[in-house]
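Read the structure below first, then the notes.
The values are calculated or read from the model by the stated rules, or taken from the named source; none is laboratory data. What you see is a predicted model; the values in this text were computed from it and never measured. Cβ placement follows ideal geometry from the backbone for every residue including glycine, while neighbour counts extend to all protein chains displayed.
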Amino acid sequence: LFTSHRPLNTVPRSPTRLTSLPQRGTSRSTNRSSTVEYPGNVMRVLIVEDEPLIAMSLAAELTLAGHHVLGPSGDATEALCLADIHHADIALVDAALESTMGAVELARILQTQCEVPVLFMTTEPQLTHESSDAALGMIALPFDPSEIPESIRAAQTVMRGEEPDPPTVPHSLQLF
């Protein structure tokens, strides 16, 4: 059915579309307690998922919520390029990613070298907790795709150094 890792044409291709968002500052820190400014609630969300239907669903929900979707990509190397070139604000990474590198290794590189926080997506939450140092949190599968924007909003709150309001945190999201 799908022959590409990009089931939706959601990658911003026009330079004018990308320049409509402010460029990420050079002093941005991965320290979760530091304050990071975002234009409203809009974020550049990198999707790293090798299942096309899940990737399409994530991209659609995030686009409808007004976020800029980078990818989706089913390849770790491509995801690193997208994160660097397009200045991703956060990444949703399939914890069972079958690619040139594992999901945990990718998450660590995204955080340390690209300064991009990661939310894992997983069917095995207990295994993801073992790698909690590599991510901001995780989204347990199966999940309601309409909850993804709320998960991003909760992660954004944590990235600003604040506590998310518990009733607004989707039940599928666990923050580390």
Check: Mind checking whether some residue in the stretch 52-65 is closer than 30 Å to GLU163 by Cβ, outside any helix (DSSP H, G or I) and under 15 Å from the mean Cα position of the chain (by Cα)?
Finding: yes
Notebook entry, point to check: Out of ARG108, ARG153, which single residue is in contact with a helix residue (DSSP H, G or I) (Cβ under 6 Å, 6 or more places away or on another chain), of a type in the set (D, E, K, R) and in contact (Cβ under 8 Å) with a residue 24 or more places away in the chain?
Noted result: ARG108
Next item on the list: Can you confirm whether the stretch 27-44 contains a residue that is of a type in the set (Ser, Thr, Tyr) and either more than 20 Å from GLU162 (Cα to Cα) or modelled with pLDDT of 90 or more (or both)?
Entry: no
Checklist line | Residue check for GLY71: outside any helix (DSSP H, G or I) and surrounded by fewer than 18 Cβ atoms within 10 Å (Cβ to Cβ) | finding: no
Check: Got a number for residues in the stretch 148-176 being charged (D, E, K, R) and within 14 Å of the chain's Cα centre (by Cα)?
Finding: 2
Margin query: Suppose the filter is in a strand (DSSP E or B), of a type in the set (A, V, I, L, M) and closer than 16 Å to LEU97 by Cα; does LEU127 pass it?
Written below: no
